[in-house]
Amino acid sequence: MKTRTITTTVLLAASLAACGGQARAPEPPAAPAASLYDRLGKKDAIALVVKDFVEQRVAKDARINDFFAHADLPGLEMKLIEQICEATGGPCKYTGLYRDMKTAHAGLAIKDADFTAVVEDLTASLQKFQIGAAEQQELLAALGKMHDDIVTAK
């Protein structure tokens, strides 16, 4: 028992000596990583990207604009802003007209090529607003989870 006490005392003294004789304060916890929503620039920045995406890309993209020919584009923009805001950790709640993406896209016969065109248009808008590559990939991955609910034609 006496040997154990001496060993503990020696180890403690050596530890204090290594620290310059002073006890060190515990390291503060690391700040939580910023959400993708924050890194995208929050709702106002998301709204700018979505406006460009819908009005300048999708609506003018001959590969896919037929899908949106009769759509309420301002309403679509609002829903996309909500959806992206929520999907990236923001405070928004998606209030889409349908319960899920599968219902919203049922019967539209959307193909992989159509989905790819939308991704390319979104990527162009993200690049226009100089969204970082990591944030682009993270956003596209989050939205890519909806692929199987949107693509209904093979």
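The values are calculated or read from the model by the stated rules, or taken from the named source; none is laboratory data. Here the structure is a predicted model, which is why all the values come from computation and not from measurement. Ideal geometry is used to build each Cβ from the backbone, glycine not excepted, and the neighbour counts take in all protein chains shown. Keep in mind that these areas ignore ligands, DNA and RNA; they rest on the heavy atoms of the full protein, side chains included. Shrake-Rupley method; radii C 1.70, N 1.55, O 1.52, S 1.80 Å.
Candidates 47, 59: the one that is part of a helix (DSSP H, G or I), more than 18 Å from residue 115 (Cα to Cα) and open to solvent by less than 50 Å² (accessible area, probe 1.4 Å) is 47. Every residue in the stretch 114-154 that is of a type in the set (S, T, N, Q) and free of Cβ contacts under 8 Å to residues at least 12 places away in the same chain, please. Answer for the stretch 114-154, where residues must be of a type in the set (S, T, N, Q) and free of Cβ contacts under 8 Å to residues at least 12 places away in the same chain: 116, 127, 130, 137.
Out of the stretch 80-92, which residues are over 19 Å from residue 34 (Cα atoms) and open to solvent by 40 Å² or more (accessible area, probe 1.4 Å)? Listed by number, the list is empty, since nothing qualifies. Among the residues of the stretch 123-154, the one identified as open to solvent by less than 50 Å² (accessible area, probe 1.4 Å), among the small types (Gly, Ala, Ser) and more than 30 Å from residue 107 (Cβ to Cβ) is 132. Among the residues making up the stretch 103-122, a single one is surrounded by fewer than 17 Cβ atoms within 10 Å (Cβ to Cβ) and under 15 Å from the mean Cα position of the chain (by Cα): 119. Among the conditions (1) outside any loop (DSSP other than H, G, I, E, B); (2) over 24 Å from residue 43 (Cα atoms), the only one that residue 109 does not satisfy is (1).
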